[in-house]
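**Student:** Quick one: this structure, given as C-alpha cells, is what I'll be asking you about.
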Amino acid sequence: LKNLISELTTGVYNMQKIFTENEELMKEINIKSEHELHNLYKRIIKIKNVTYTRMPEFSIGNISKNDFLIKLFHEQAPISLDNFTKFVEENYGLRQNSLRSHIQMFLPEYIHDEVIRVDYTQLSETELKRLKD
C-alpha cells in the first residue's frame, strides 16, 4: 500500500484512484470503498510528504488543492471546464462534479464562458478608450 502512493507525483488525489486501479488488492484486504481505504491509510500508513486531507482526498508534496489546480490550469489552458474536470478525474481521481463546484467557488477568476484561461490579451490605450466610450 505504501508503494502505491509513493509512486505518485506531487499533487492532490482522491483515494478512488488507488482503489479502482488496484481492484484485486482491495478485494484481498477486504476494502470496499475509497473511504475505507482513506481511513486505513490515515490510521496505519504514514508516508513522508503525504497529507490525508478531506476524505477521501490526500495530497503529496505539501501542496494545497488550489495551488495544485492553478498549476494544472497553467499546463492545460485554454481548456473547457468540462474537459479539465474530466482530465483531472482520469489522472488524479478527483470527482468531476465536486471539482467543478470547487473551481467555481474558489477559483472563479480563471473561468470565462466555461473555459479555463490563464493568458489574457493586453489591450492598447486605443482599445481601452473605445471600450470606455
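**Student:** Heavy-atom accessible area per residue, the chain, 1.4 Å probe: how many Å²?
**Tutor:** For the chain, the solvent-accessible area averages 64 Å² per residue.
**Student:** With no solvent and one equal point scatterer placed on each C-alpha of the range 23-133, evaluate the Debye formula and give log10 I(q)/I(0) for q = 0.09, 0.14, 0.16, 0.17 Å⁻¹, two decimals.
**Tutor:** Once normalised to I(0) and log-transformed, intensities are -0.36, -0.71, -0.85, -0.92.
**Student:** Something else: Assuming 0.36 nm per residue, please report the length gained on full extension of the stretch residue 2 to residue 126 beyond their Cα-Cα distance.
**Tutor:** Extending this stretch completely gives an extra 38.7 nm.
**Student:** Another one. Rounded to the nearest 500, what is the 222 nm mean residue ellipticity of the chain from helices alone, with -39500 (n - 2.57) per DSSP H run of 4+ residues and division by all residues?
**Tutor:** -15500 deg cm²/dmol
**Student:** Over the chain, with every protein chain in place, what whole percent of the accessible area is carbon and sulfur at 1.4 Å, could you tell me?
**Tutor:** The computed percentage sits at 48.
**Student:** Would you please put 15-28, 105-118 in order of how densely packed they are, using the mean number of other Cβ atoms within 10 angstrom per residue and starting with the highest?
**Tutor:** Top to bottom by mean Cβ count within 10 Å: 15-28, 105-118.
**Student:** Just to confirm my numbers, what's the Cα centroid distance between the range 42-83 and the range 89-109 in Å?
**Tutor:** Using only Cα atoms, the two centres lie 11 Å from each other.
**Student:** If I take the Cα coordinates of the range 66-129 and project them onto the principal axes, what are the three extents in Å, biggest first?
**Tutor:** 46, 21, 19
The values are calculated or read from the model by the stated rules, or taken from the named source; none is laboratory data. Worth saying up front: this structure is predicted, and the values here are computed from it rather than measured. So basically every Cβ, Gly included, is an ideal-geometry build from the backbone, and we count neighbours across all protein chains shown. All accessible areas refer to the heavy atoms of the entire protein, side chains included, with ligands and DNA or RNA removed. Shrake-Rupley method; radii C 1.70, N 1.55, O 1.52, S 1.80 Å.
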